[in-house]
Each structure stands twice: as C-alpha cells, then as structure tokens.
1. Could you check how many residues of the range 132-181 are in a helix (DSSP H, G or I) and of a type in the set (A, V, I, L, M, F, W, C)?
2. Does Leu227 satisfy the criteria of being outside any strand (DSSP E or B) and within 18 Å of the chain's Cα centre (by Cα)?
3. State which residue pairs qualify: first residue farther than 19 Å from Ala74 by Cβ and in contact (Cβ under 8 Å) with a residue 12 or more places away in the chain and inside the range 119-135, second residue of a type in the set (Asp, Glu) and open to solvent by 10 Å² or more (accessible area, probe 1.4 Å) in any location, beta carbons under 7 Å apart, and separation of 6 or more residues or different chains.
4. Residue by residue through the range 182-215, note down the ones that are in a helix (DSSP H, G or I) and either free of Cβ contacts under 8 Å to residues at least 24 places away in the same chain or of a type in the set (D, E, K, R) (or both).
5. Tell me which residues, restricted to the range 97-127, are more than 18 Å from Phe290 (Cα to Cα), open to solvent by less than 40 Å² (accessible area, probe 1.4 Å) and more than 21 Å from the chain's Cα centre (by Cα).
Amino acid sequence: MKAVVKTERTHGGVQVLDVPTPTIGENEVLVKIKNASICGSDVHAYHFAPTHHFIQPPVIMGHECSGEVAEVGAQVKDFKPGDRVVIEAINYCRKCESCLRGNRHICNDFQIRGMHRDGIFAEYVAVPPTDLHKIPDSLSFEKACLVEPTSVLTHAVLDRSNIRAGDLVLVTGPGPIGILAAQMVKAVGAEPIVVGIDSDEEIRLPIARELGCQTINVSQQPITDALQELYGRQTVHAVLECSGASPIFQTTLDVVAKGGSITLIGLFAKPVEANLSIAVRKEITIYTSFASTWFDFERAIKMLDQGLIQTDKLVAYYDPEDAVQAFEDAIAKKVPKPVFRF
C-alpha cells in the first residue's frame, strides 16, 4: 500500500513508499483511510524542529483522518465492515496514574500516531476498536477528517478556559487551529478577534473575516490601538494562544483584562520570557491545553455535523504522491490545511 513516510532525521526527509498492508489481530480493526490532513505538528516533524527530535524514522506520518472499516478481528463486537469512523491521535497505556485518574490524553506513556509510532498517512491502518469513533452518514469524510483538530478546541475552549457568552476573546495565530478556535468561541456566544501578521493577509486573515471574525494585523497596528478603535477599550476578557510564537505571550499578559484568562494551546518552539508579575497583579488565570479526550471527539463530531464549525475554506486536497509539495505549501502558507485523498 502507499504511505507517506518520514525517512530521515532532517528537514524534509519525507518519501512516498510502498509498504505492506497491515494485518489485524483478533482485537483490532482495519480501517481504509479516506481523507487525512496535515497538522501543524506534522509540519514540525517535516521540519524536524527541536521539539520533534524524539521521532525515530522511518515512521508513517499523520494522525488526523476519516475512514471506513474494512475488516474486524474475531473478538471485535462494536464495529463492522462499512462503518464510517475517525481515529484518535494518541495511543494511551491505560495503566499509569494519569490514565487511571481519567486523564488519558496526558498519559505518562502516551504515543502519538505518526511520531512515536506509525500513523495514518497510508491506505490502511490497523487500530484497536477503543481508538475509534463512529461518524453519522450526514457528516462527510472530508469534514470528518478535521474531527481531531476540532476536538483539540472543544477541550481548550469548553474545558480549559473561562470563556463566557459576551466575552471579547483574542485568538493569536490565524492558522487552522486558530481559525477553528475562533469558530468555537463564536459557538459559545463570545466574540473572537483573530490576530495575525502581514504574511497572513493573503489567505488566513481573509478566511477569518469571511467566517465573521474581527481581525488585527499586528504588523500594521498595535493590538491595543485596534481594540480601542473597534471596541472603545484596550483589553480583552480572554486569550487563546494558538501561534506558538514566544514573543506573543508577553503581549497577551498586557492586553488581557484584570481577572481574565489566557489559554496556551500552541506549542512554543523557543523558551518564553515574560514578566509574570503582571499576571500576579492582574490575577490572571493561565490555563494550558493539550490534545483532547474521548468526550471531546464526540462533541467535535456533533459540532461539525451540525454545521457549527466550518472547514471548507481551510482545506486543499492533494494526492499522497504529492506529499512533499503539500508540506511545502503548508509552510509557505499557500493553503491553511492540506488534505490527502487516499
């Protein structure tokens, strides 16, 4: 079968190879992948950024997908061939203290598909049934492909923030996660303000505006000045930090209102320097949010199916044979989210 494989510990180092189709055990399910999308962390892996030096090639990349059950093992009872599914990104040990406390998404021994172990950029994937979620017929494979990143935002916005209806919420970083975050903010009745830079003006910030979000280009105007013009104030009630840009953290401390909150979602490529005395004096609550839970997947499926989260403007489709081009286009911000059609 065809698979997109990270073959070298260097920038790029990705090839499309023919690899054996997996065989399943009696407690496994074989899934035929329909659509698989490139995540920001996949781009870090492609770059072989310092945050991803734990990857040991060769490894099949990818962890966001939708597909159809092709075969089930003899002991599998809850799935059958033809079922439409999405696959969780993280494999959990289910034995460590975090898992036993109900926090499997931050398992002490977790393995991320496409990084610690083979992922889903392939025609077929063998997985345990506990890692699968059924999707309704009304939700297309194309939209369901973004269940995993949407679940990251259900966790961040609904569980790991203090955002309420009517709040002004600054979303820093207009990439796919930022734009999904902004839509999640709108879904709870708050108002998102998406922040970007000049290079985001060609595609990303216009998409945010098309989805009904206010935007600020910090290359052209300080955030406080823009807030004053738009809302007659210089602070926001909450911040969702989706960019992973180290300098922005100090800015978020400056613009969040007293008693407000900051939720850190993006992974920072470099250490962060900030004056935390500001956070203390303002009594700011700082949350962190990583990955998502089983329940977040279920909520994401429902929100996408109900049309509360729109994905069409985010995606562009590629043949897996064009994997290198897809990664390079993502890096160049030519498309927000490349998706492979298998």
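1. Result for the range 132-181: 12.
2. no
3. His133/Glu298; Lys134/Asp83
4. Applying the first criterion (in a helix (DSSP H, G or I)) to the range 182-215 yields 182-187, 198-200, 204-210.
Across the range 182-215, the qualifying residues are Lys186, Asp198, Asp200, Arg204, Pro206, Arg209, Glu210.
5. Residue satisfying the conditions is Ala126 alone.
Residue-wise test of (1) more than 16 Å from Val157 (Cβ to Cβ); (2) more than 25 Å from the chain's Cα centre (by Cα).
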site	(1), (2)
Ile262	no, no
Ile265	no, no
Phe268	yes, no
Ala274	yes, yes
Thr285	no, no
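The values are calculated or read from the model by the stated rules, or taken from the named source; none is laboratory data. In this text the structure is predicted, and so the values were computed from the model without any measurement. Virtual Cβ from ideal backbone geometry, glycine too; neighbours counted across all protein chains shown. Heads up: the accessible areas ignore ligands, DNA and RNA and are worked out on the full protein's heavy atoms, side chains in. Shrake-Rupley method; radii C 1.70, N 1.55, O 1.52, S 1.80 Å.
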